[in-house]
Each structure stands twice: as C-alpha cells, then as structure tokens.
1. Using the Cα gyration tensor of segment 29-89, with a ≥ b ≥ c the square roots of its eigenvalues, what is the shape: rounded (a/c below 1.5), prolate (a/b larger than b/c) or oblate (neither)?
2. Take the Cβ-Cβ distance between residue 38 and residue 66 as r, set R0 to 30 Å, and report the resulting FRET efficiency rounded to the nearest 0.05.
3. For the residue pair residue 89 and residue 45, what label-to-label distance in nm results when each label sits 7 Å from Cα along the Cα-to-beta-carbon direction?
4. Which pairs, out of 30/88; 30/59; 39/88; 38/88, put more than 19 Å between their alpha-carbon atoms?
5. Under a point spin-label approximation (7 Å from Cα along Cα-to-Cβ), what is the residue 30-residue 73 distance to one decimal in nm?
Amino acid sequence: MRKVLNCHPRNLSTVVCLVKVKKRSENFNKAKLKASIKKAGAKDTHASKVADKIAGKVKAGTTTILIRRWVITELKPLDSKAAEAYMKYNKPVKKL
C-alpha cells in the first residue's frame with residue numbers, strides 16, 4: 001500500500017485519505033462525489049444511494065480511478081444514461 005501524505009483530517013475518526021491520480025492525497029468527500037454524480041445527470045436519490053455505497057467501500061489509499069469504476073458499476077443499474085454520461089464527463093486516465 002502507498003504511503004499517504006498531507007492528509008489533514010478535521011475529525012480523525014471519519015476521515016479517509018485518497019490517493020489522487022497524480023500521486024497527491026486528498027480527504028474523501030462524499031458530498032463532492034454526490035455532486036459529480038448529479039452533474040452527470042443522475043437523480044438526487046440515485047446520487048445519494050451510490051455515494052453512500054461508495055463511502056462504505058473507501059479505505060485509506062483508495063485511488064480515484066477505483067472510485068470512478070465503483071461509481072459506474074453502482075450507477076449503471078439505476079440510471080444507465082447517467083452512468084454513460086459519468087464515464088464521458090470524467091475523462092479516462094492512464095492506468096498506473
């Protein structure tokens with residue numbers, strides 16, 4: 001597992017640090033994830049459901065690429081058009 005640096009948790013018991021694509025780290029933000037799902041066209045209820053499910057899976061060191069895959073997998077049965085838009089909205093990145 002990668003070493004996670006520069007995470008400044010507000011509440012140490014609930015903060016999970018992510019590893020960004022460019023090797024930066026950032027605290028996981030469920031509201032930010034939900035907003036990005038809604039921008040892809042998902043209904044608020046679907047975005048909340050997917051964000052809640054993903055939040056339960058995220059651990060320290062989880063990459064944003066993996067979170068994208070999880071979102072697409074969870075969103076596709078709920079709203080296939082929004083899942084397709086999410087794939088296009090978030091440009092694919094090269095594999096690590």
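Computed from the coordinates by the stated procedures, all read-outs in this text should not be read as laboratory data. It should be emphasised that the depicted structure is a prediction, and the values quoted were computed from it without experimental measurement. So basically every Cβ, Gly included, is an ideal-geometry build from the backbone, and we count neighbours across all protein chains shown.
1. It is prolate, given that a/c is not under 1.5 and a/b is the larger ratio.
2. On the way: r = 21 Å, r/R0 = 0.69.
It comes to 0.90.
3. Here the modelled spin labels are 1.9 nm apart.
4. Working: 30/88 21 Å; 30/59 13 Å; 39/88 12 Å; 38/88 14 Å.
Beyond 19 Å: 30/88.
5. 2.0
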